[in-house]
Structure formats: C-alpha cells, structure tokens
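Asker: Please read through the structure below; I'll follow up with questions.
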Amino acid sequence: MLILSVLWVYSGVVWAKDLAKESHDSTLVQAQQAYDQGQFQQVVDLVKPLHKENAPVSQASRLYILALASLGKTPEAIEVYEKIIAGTKREDEPLLRQVAIASILPVRSDMREQMRGAAYTALKEIESDKIVEYLEKGLTDETGMIRALVAEALGQRKAGQRSKVFREALKDGAGLVRATVLIGLGKSGDRSLVPLIRPSLDDEQHLVQIAAARALYELGHKEYWARLEQGATSKEGYERGAAIRAFGELGDPRAIPILEKTISDSQPSIRAAAIAALGKLQAPESLPTLKAVLFDRIPAVRSVAAFSMGYYEQHQVLTPLTRALADSNSGVQAAAVASLLRSGAPYSAVKDTVRHLLNDQNPAIRSGAVKALGNGKGPDVLNVLIFALNDPLPRPRIGASRALGRIGDRTLLPTLKRILRDTDEAVRVTAAAAIVRILDKEIGL
C-alpha cells in the first residue's frame, strides 16, 4: 500500500508538471503569433508572467524584450535585457541587434515629421541589405523629403536597387524623389534598366532629366555626357547644380575645366557644388583652385573647400587646412578638422579647435564639431565623442551616437546601450542604429 501511495503522489506531481509545461508552451505559441501579427501589448501581457529576471535568456524573455521595444518602450526593454545578461556577463548579440532594430521601427509612424526622419536616417546608417524591407515603407510617407531620404538609402544597396517598390517610385509626385531613384538605378550596374530609365529624359523637371542622363552614362551610354554638359550651363539653378554634382560622382576628367570655370559662378550654392565635385575628382591640378577658394567671402563656400581638401594626401593640404582652423567661421573650422582627421593627421593637430567648438553655446556648432570627429579614429577621438554624449541638447548627442557607430567597435556597446535610455527619442534611435552597425562589423582576428 505504501508503494502504491508513493506512486500515486509521484504520478500526480508529474501530471501537474506536464499540465504546467503544456500551458507554458501554449502561451508561448499564442505570444509568438501575436508578435508576428504586431500585437505587441498582447505579447507583453502573455509572457510577462513567464519572464524571470536574472535567468538565462528564454523564448519568453526574448518575446517580452522585443515586444517592449516594438511598443516604443526602449528604456524598459534594455533594462530587462541587461538584467538577463548580468548572469552570463556576455552580450547576446543576436538579441541585442533585434532589440535595436525593433526600437527604431515604431518611430517610422510617428506623427512628427522630424521623428520619422530620425527613424529613417537611423535605418540608413545600417548597411545590411536586410534593412530594405523596413526602408520601403518610407516611400509612402506623406513628406517628399522623407521619401527622398529613403530613396537615397535604398539606392545605396543592391537589394534596394532591385526593390519593386523602389523602382515604382519613378512615378513619385516629387521630382526630387524621382531623381534620387534614377541615381540609385544608375549605380546598380544593371544595363537591363536602360529602357526603364530612358523615358525620364523627357520628364517635366530638368532635375530629373539630369539624373536620367547621369544614370544612363553610368550604365554605359556615354553619349549622355553631352546632356550633362548642357545642364552645367543651364540658367536654372537646380539643373545646373544637379549636373555639377553628377560630374563629381562620375569621375570623368573632362569635367575638370567645366568645374574650374564654374568656381566663379555668382550663386554661392553652385560654387560650393563645383568645389565639392573637384574635391571628389582629386585632380592634382585642381588643388590650387581649392586653396584659393578658402578665401571666398561666403563661409559656406569656404567650408566646402576645406572639407574637399580631405580627399587629398595630408602633405598636400596640411598647411592650408591648419590655417583654416583659425578661420573666423566655426563651420570652416569644423570642416578643416574633418579633413585633417580624414587625411590621417593626429588628433593633437585639431585638439584645441575641437575643444573650442565643443564649448560653444550654439548647439549647431557643437554638433558640427562632433560630426567632424566622425572622420577620425583612435582612442582620443572616441573619448571626445563619448564625452559629447553628455551634451545638454539632443542634436550633439545624436551626432556623437552616429559617429561612434561609424568608427567604433564592440567595446562601445555598454556606452551605446546606456544611450538607449536617453530622454530624447531621436537620440535613442540613432544609438540603436549605431549598435546594429557595430554588431554587423566583422571581428578582426
């Protein structure tokens, strides 16, 4: 009888455990289905009772964290994540990557245009082709500038160039969007796209016509160079600027004399475009011209000249750029910092200027300094960027987060995870993109 009683109790315990497991598994199935359907609050309600803090990562905890991030509750999601990995003291990189992306996606639907722009700018920073499906939604945004931003991001990726949604944007109501799509198609190298592009040569907007000629030139139809030359002398500023920018991207030395002549254009934005194009062509004979433009009366033009010198070797530009560090305009100073760092100059060469810019009361100037630092590398640069994450205003923090994602490595993950709790949503989505960008970098051996 005693043996039978023990067996009866044991079987009851086993039966209860089986029921509990069955209920647990059923809840997880429901939660996964809800997550796949975008019912994130339902996911939280279902799996929160199953989630255990300081326990190994489980399916329940993964769903719980990802659902919180997808609801826009990124600070809560990263707090739960940190508690879970505290026991292992190792990052769960696949989960962290998912959390970072999930925290960006809901912001795409924000009522505020600037926040939607921040979300798509963050996605643009992520180089993986897997991000294309998240970008495509932006081509239906109500704001033309955001659609153009998304079109540019898609045009930089092979998967984006192949996207049906991207190609259909050739019919977008905004000329800037159509032109941006054409530029992306030109970069694809896919000559089968020529019949798709040709009709845009007759677009109602000259900006789009220039983009079509540029794309066709890149796809092997060199006869359209003549259309670009025609555009460079147009009376319409948008057409002239588009043609000049195209010259900088195409790398054809025939553009050099045209650009040199355009340096004297009465319109500052056209002069700046010509200077930028000359810098990208990196022609030695154009260097004296760029140096001369450092004395242009318009600060924005001088700034472009200083930045364009960063494409040359350090010994060729060290003297004029060092002089530009003392320019009366902070934008020129920041451009000189960027170019010196990009050309390989040590941080010590720009340290005093950077300190001066970062102490300025104008957040735009501090932001410009942070952006310039993104052209450098090394512990000194990283430390200054980390310091800039404490700026009282969001704009410099956004710039610092973006720069850290571009030049940083996995040692910065703890810092960027802290920024996922920032009070400003635009800062958080930028930090999230920086985390993904770092995680996507191959680990050097």
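Asker: Filter the chymotrypsin sites (Phe, Trp or Tyr not before Pro) in region 285-393 to those in DSSP coil with at most 16 other Cβ atoms within 10 Å of their Cβ, and list the result.
Answerer: In loop regions of region 285-393 (DSSP not H, G, I, E or B), the sparsely surrounded chymotrypsin sites (Phe, Trp or Tyr not before Pro) are Phe295.
Asker: Taking 56 Å as R0, compute the FRET efficiency from the Cβ-Cβ separation of Glu229 and Thr423 and round it to 0.05.
Answerer: It comes out at approximately 0.60.
Asker: In straight Cα distance, which aspartates and glutamates are under 16 Å from Lys441, not counting same-chain residues fewer than 8 positions off?
Answerer: Glu91, Asp92, Glu93, Glu125, Glu127, Asp129, Asp409
Asker: So what is the calculated 222 nm ellipticity per residue for the chain, using -39500 (n - 2.57) for each DSSP H run with n of 4 or more, over all residues, to the nearest 500 deg cm²/dmol?
Answerer: Working: 27 runs with 298 residues, N = 445.
Calculated at 222 nm, the ellipticity per residue is -20500 deg cm²/dmol.
Asker: Normalise the Debye intensity by I(0) for region 301-346, one equal point scatterer per Cα, no solvent, then take log10 at q = 0.13, 0.31 Å⁻¹ and round to two decimals.
Answerer: The calculated log intensity ratios at q = 0.13, 0.31 Å⁻¹ are -0.20, -1.12.
Asker: How large is Rg/Rh for region 253-324, to two decimals, with Cα atoms and a Kirkwood Rh?
Answerer: We get a ratio of 0.93 for region 253-324.
Asker: Express the C-alpha Rg of region 295-386 as a ratio against the empirical globular expectation 2.2 N^0.38 Å, rounded to two decimals.
Answerer: Cα Rg divided by the expected 2.2 N^0.38 Å: 0.97.
Asker: Give the order of Leu325, Leu46, Leu404 when sorted by the count of other beta carbons within 10 angstrom, beginning with the fewest.
Answerer: Leu325, Leu46, Leu404
Asker: Roughly what % of Cα-Cα distances in region 139-202 sit above 19 Å, to the whole percent?
Answerer: Details: 397 of 2016 pairs.
Of the Cα pairs, 20 percent sit more than 19 Å apart.
Asker: Right, another one. What angle, in degrees between 0 and 90 and rounded to the nearest 10, separates the Cα long axis of helix 113-125 from the longest principal axis of the Cα atoms of the chain?
Answerer: For 113-125 against the chain, the angle is about 90 degrees.
Asker: Order these by the 10 Å Cβ neighbour count, fewest first: Glu125, Glu204, Glu133.
Answerer: Numbers: Glu125 20, Glu204 8, Glu133 11.
By the 10 Å Cβ count, ascending: Glu204, Glu133, Glu125.
Asker: Stokes-Einstein at 20 °C, 1.002 mPa s, Kirkwood radius from Cα pairs: D for region 305-445 in µm² s⁻¹? Let's see the in-between values first.
Answerer: On the way: Rh = 15.2 Å.
Once the numbers are plugged in, D ends up at 141 µm²/s.
Asker: What's the exposure ranking of Leu393, Leu250, going from fewest to most Cβ atoms within 10 Å?
Answerer: Leu393, Leu250
Asker: Given the Cα-Cα distance of Arg90 and Lys280 and 0.36 nm per residue of separation, how much length would full extension add, in nm?
Answerer: Between Arg90 and Lys280, full extension yields an extra 64.1 nm.
Asker: On to the next question. For the chain, what is one quarter of the convex hull surface built on the Cα atoms, given in nm²?
Answerer: 26.8 nm²
Asker: Obtain the nm distance between the two label points defined at Glu142 and Asn362 by a simple spin-label model: each point lies 7 Å from its Cα along the Cα-to-C-beta direction.
Answerer: 3.4 nm
Every number in this text was worked out from the coordinates using simple rules, so none of it is lab data. No experiment lies behind these values; they were computed from the predicted model shown. Every residue, glycine among them, receives a Cβ derived from its backbone with ideal geometry; neighbour counts consider all protein chains shown.
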